[in-house]
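Undergrad: Quick one: the structure is below, and I'll ask about it shortly.
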Amino acid sequence: MNRFRSLVFPLALALILGGLTAWLGRVSEVVIEAVKLDPAKPQYTMTQIHGKRYDISGSLNQDLTAPLAWQLPDQKNVYFQQPTLKTYRENNEQYTVSSQTARYEIESKKVFFEQNVVLTKTPDAERPAGKVVTDYLNVDTQTEIAETDAPVQYEYGRSHGTATGLTYDNKNGLLNLKSKVKAQIYDLKRP
């Protein structure tokens, strides 16, 4: 009987400890449950955005401000409310683009400005100030080309007019008005 008691206690203790270990393992197990996010609601929201991009020499290249930005789940776009994008060359402001809303495609590095888009060009030693007003403008930040198929109103120095669609190549300083152009053009060399 002594021998039976000496075997029962260690066996009972082993069973109790084994059961306790299994119970504690189950209680302390963290269950990670993937929650499907609402695709219509932002996954990230940012306020008072102010981002700057510099060129390889360390000079300011682009400056973006917006009171609100957000990204939706499973999308590679960032959306902006009332964005203003300024571009610089050799630390001198070249262009400013503002609108009510914009969408930035992360992979293509293109910005799609929409609603009350205003593009202004700062005057320099070679060219006068310019301004374009349209409903939407697509800007490729890599090639520095801006384009739209929407109606535009433009001013360039004292010249002004309207057109349907435009393409502007910033690197080469070329403005191409696509169609239905009405303009009053003044010679830049004559006052």
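Undergrad: Sorting check: for 46-59, 163-176, 134-147, 29-42, which peptide has the highest mean count of neighbouring beta carbons within 10 Å, and how do the rest follow?
TA: Descending mean neighbour count gives 134-147, 163-176, 46-59, 29-42.
Undergrad: Which entries in Lys86/Lys171; Lys52/Lys76; Lys76/Lys180 show an alpha-carbon gap greater than 24 Å?
TA: Over 24 Å apart, Cα to Cα: Lys76/Lys180.
Undergrad: Further question: Rounded if a/c is under 1.5, else prolate if a/b is larger than b/c, else oblate: which is the stretch 44-184, with a ≥ b ≥ c the root eigenvalues of its Cα gyration tensor?
TA: Here the stretch 44-184 falls in the oblate category.
Undergrad: Still on this model: Under Stokes-Einstein, with the Kirkwood radius over Cα pairs standing in for Rh, what whole-number D in µm²/s applies to the stretch 46-94 at 25 °C and 0.890 mPa s?
TA: For the chosen part, D equals 207 µm²/s.
Undergrad: Please report how far the C-alpha centroid of the stretch 115-191 lies from that of the stretch 51-95, rounded to the nearest whole angstrom.
TA: About 20 Å separates the Cα centre of the stretch 115-191 from the one of the stretch 51-95.
Here, each number is a calculation from the coordinates, and none is a lab measurement. Quick caveat: nothing in here was measured; it's all calculated off a predicted structure. With ideal geometry, Cβ positions are generated from the backbone for all residues, glycine too; neighbour counts draw on all protein chains shown.
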